[in-house]
1. So, in the range 39-52, how many residues would count as being at pLDDT below 90 and surrounded by 17 or more Cβ atoms within 10 Å (Cβ to Cβ)?
2. Between residues in the range 89-101 that are under 16 Å from GLY12 (Cβ atoms) and touching a residue at least 12 places away in the same chain (Cβ under 8 Å) and residues that are open to solvent by 80 Å² or more (accessible area, probe 1.4 Å) and not aromatic (Phe, Trp, Tyr), which pairs lie under 6 Å by C-beta distance while being six or more apart or on different chains?
3. Give the range 1-29 a look and list any residue that's closer than 18 Å to PRO78 by Cβ and open to solvent by less than 80 Å² (accessible area, probe 1.4 Å), or say none.
4. Of everything in the range 63-101, what is surrounded by fewer than 19 Cβ atoms within 10 Å (Cβ to Cβ), more than 26 Å from GLU39 (Cα to Cα) and of a type outside the set (Gly, Ala, Ser)? Give them in sequence order.
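The values are calculated or read from the model by the stated rules, or taken from the named source; none is laboratory data. All figures in this text were calculated on a predicted structure; none of them were measured in a lab. As a convention, Cβ positions derive from the backbone with ideal geometry for all residues, glycine included, and neighbour counts pool all protein chains shown. Only protein heavy atoms, including side chains, enter the accessible area calculation; ligands, DNA and RNA are left aside. Shrake-Rupley method; radii C 1.70, N 1.55, O 1.52, S 1.80 Å.
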Amino acid sequence: MKIADLFFSIQGEGRLTGVPSAFVRTTGCNLRCSFCDTEYTSWKPVGEPLTVAEVLERLEAYPTRYAVVTGGEPLIVPEVEPLCAGLHERGYHITVETAAT
């Protein structure tokens, strides 16, 4: 899967606002919203090719069991299901940020 960013930050949206979280930003999107704030994951997708196992291994470095899978549009990424299954198996609380298209 192509990953634009893996990082540790504070969740800034929703019911978990303020919770330290590991972010997995996939790349690629089926929409072209004029207000997009991550053009590098939509209009001109860039990223590092990583396996699900590599993503999960890198997340272990972060001091949290909250994971945010975002994009782009993460639900068009074929590996999103095994990624979420792997997160679940490791005890993560998973949030998926999607346009639901």
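1. Residues in the range 39-52 being at pLDDT below 90 and surrounded by 17 or more Cβ atoms within 10 Å (Cβ to Cβ): 3 in total.
2. Note: no pairs meet the criteria.
3. Quick first cut of the range 1-29, residues closer than 18 Å to PRO78 by Cβ only: 1-4, 24-29.
MET1, ILE3, ALA4, VAL24, ARG25, THR26, THR27, GLY28, CYS29 - these are the residues of the range 1-29 that are closer than 18 Å to PRO78 by Cβ and open to solvent by less than 80 Å² (accessible area, probe 1.4 Å).
4. PRO63, THR64, ARG65, HIS88, GLU89, ARG90, HIS93
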